[in-house]
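The block underneath contains the structure these notes are about, expressed in structure tokens.
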Amino acid sequence: MSSLRNALRATCGALIVSVVLAAPLRAEEILAAVAANFTDAATEIGTAFRNATGNTVTYSFGASGQLYTQITQDAPFHVFLSADQTRAEKAEADGLAVPGSRFTYAVGKLVLWSADPARIDGTEAALKDASLTHVAIADPATAPYGAAAVEVMRHLGVFEALEPKIVQGKSISQTHQFAATGNADVGFVALSQIVADDKGSRWIVPQDLYTPIRQDAVLLKKGEASEAARAYVEFLKSPEATAIIGKYGYAVGE
């Protein structure tokens, strides 16, 4: 009987050790400021990160310029995923980010999109259509996709004619909403927002019409001491995360 009890104790002890080793040593929650165009991809990556590490990430989505302003005002973010390189670089230069932590996690693609399946014929012709009343873009002062949209219209020589028809969203999410609801005939949106939507009509803007939208991530100073924040930044570079990023229409590794 004594030997049976000893065997049971040994078995239970082994099970306890196995459970402890399998569980995260210290599960944490981190806060990430993320460009609005990356909403769907980030959400899926957050789930994968939790499943892989036991840590959770809570996102705050918005225009990169607005998020950067919040960071300068002592917002409690651990990680910043910008929609451009400029603001991530600025975070480093201003001492708000950990030096050397910046990298390009995705390259965004700009699309002219309409909820009307007959509005866009796969070319830029819709921008020269006299019946066009409203063109939605994200605020070019705070959203890189908005700045890219202006660049495209200037490149095509239609900006002056379209400027009175432009309606600005505070972020690329609001811009998509304007086009999706018909409040704008067309909208310059991120491919990631419509990659799984076979409705409407679109023109994927050639990359030579605008400066590449290289989206950089950076570990912020508030996340420097967080093992989970560092793990999240590394997870963004993993094959699992890059596969998710590619699925949502971004280029990776460029």
List, please: which pairs have Cβ atoms under 8 Å, are six or more places apart or on different chains, and start with a residue in the stretch 233-254 that is aliphatic (A, V, I, L, M) and end with one that is at pLDDT below 95?
-> 245/252
With respect to the numbered conditions (1) open to solvent by less than 40 Å² (accessible area, probe 1.4 Å); (2) in contact (Cβ under 8 Å) with a residue 40 or more places away in the chain; (3) closer than 30 Å to residue 74 by Cβ, which one is the sole condition not fulfilled by residue 188?
-> (3)
For residue 125, are the conditions met, namely being open to solvent by less than 70 Å² (accessible area, probe 1.4 Å), in a strand (DSSP E or B) and more than 15 Å from residue 213 (Cβ to Cβ)?
-> no
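Could you count how many residues in the stretch 204-232 are closer than 19 Å to residue 111 by Cβ and either touching a Lys or Arg at 6+ places or on another chain (Cβ under 7 Å) or free of Cβ contacts under 8 Å to residues at least 12 places away in the same chain (or both)? Steps first, answer last, please.
As a first pass, look at the stretch 204-232 and keep what is closer than 19 Å to residue 111 by Cβ: 204-215.
Imposing the further condition that a residue be either touching a Lys or Arg at 6+ places or on another chain (Cβ under 7 Å) or free of Cβ contacts under 8 Å to residues at least 12 places away in the same chain (or both) reduces the set to 204, 206, 208.
Number of matching residues: 3.
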Check whether at least one residue in the stretch 160-175 is open to solvent by less than 20 Å² (accessible area, probe 1.4 Å), more than 30 Å from residue 30 (Cα to Cα) and not in a loop (DSSP other than H, G, I, E, B), and report yes or no.
-> yes
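Please find, within the stretch 201-221, the residue that is farthest from residue 126 (Cα to Cα) out of those that are among the β-branched types (Val, Ile, Thr) and in contact with a helix residue (DSSP H, G or I) (Cβ under 6 Å, 6 or more places away or on another chain). Break it down stepwise before answering.
The initial filter retains those residues of the stretch 201-221 that are among the β-branched types (Val, Ile, Thr), namely 204-205, 211, 213, 218.
Within this subset, residues satisfying the condition of being in contact with a helix residue (DSSP H, G or I) (Cβ under 6 Å, 6 or more places away or on another chain) are 205, 213, 218.
Details: 205: 12, 213: 23, 218: 38 Å.
Here the answer is 218.
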Taking the stretch 92-118 only, how many residues are farther than 16 Å from residue 210 by Cβ and under 18 Å from the mean Cα position of the chain (by Cα)?
-> 5
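Quick one: which residue in 196, 228 is over 17 Å from residue 82 (Cβ atoms), hydrophobic (A, V, I, L, M, F, W, C) and modelled with pLDDT of 95 or more?
Working: 196 fails: modelled with pLDDT of 95 or more.
From the options 196, 228, the qualifying one is 228.
Mind telling me which of the residues 52, 42, 48, 88 ends up being among the aliphatic types (A, V, I, L, M), in contact (Cβ under 8 Å) with a residue 12 or more places away in the chain, open to solvent by 20 Å² or more (accessible area, probe 1.4 Å) and in a helix (DSSP H, G or I)?
Checking each option against the conditions leaves just 52.
State all residues of the stretch 181-190 that are under 14 Å from residue 36 (Cβ atoms) and not aromatic (Phe, Trp, Tyr); if no residue qualifies, say none. Can you show your working first?
Start the filter on the stretch 181-190 by keeping residues that are under 14 Å from residue 36 (Cβ atoms), which leaves 187-190.
Answer for the stretch 181-190, where residues must be under 14 Å from residue 36 (Cβ atoms) and not aromatic (Phe, Trp, Tyr): 187, 189, 190.
Which residues, taken from the stretch 201-254, are part of a strand (DSSP E or B), open to solvent by 20 Å² or more (accessible area, probe 1.4 Å) and either among the charged types (D, E, K, R) or closer than 18 Å to residue 92 by Cα (or both)? Outline the logic, then answer.
Filtering the stretch 201-254 for residues part of a strand (DSSP E or B) gives 201-204, 213-220, 251.
With open to solvent by 20 Å² or more (accessible area, probe 1.4 Å) added as a condition, the list becomes 202, 204, 214.
If the condition is that a residue be part of a strand (DSSP E or B), open to solvent by 20 Å² or more (accessible area, probe 1.4 Å) and either among the charged types (D, E, K, R) or closer than 18 Å to residue 92 by Cα (or both), then 202, 214 are the ones that fit.
The values are calculated or read from the model by the stated rules, or taken from the named source; none is laboratory data. All values derive from a computational prediction rather than experimental measurement. Quick reminder, even Gly has a Cβ in these numbers, built from the backbone with ideal geometry, and neighbours come from all protein chains shown. For the accessible areas, the whole protein counts, side chains as well, though only heavy atoms, and no ligand, DNA or RNA atoms are used. Shrake-Rupley method; radii C 1.70, N 1.55, O 1.52, S 1.80 Å.
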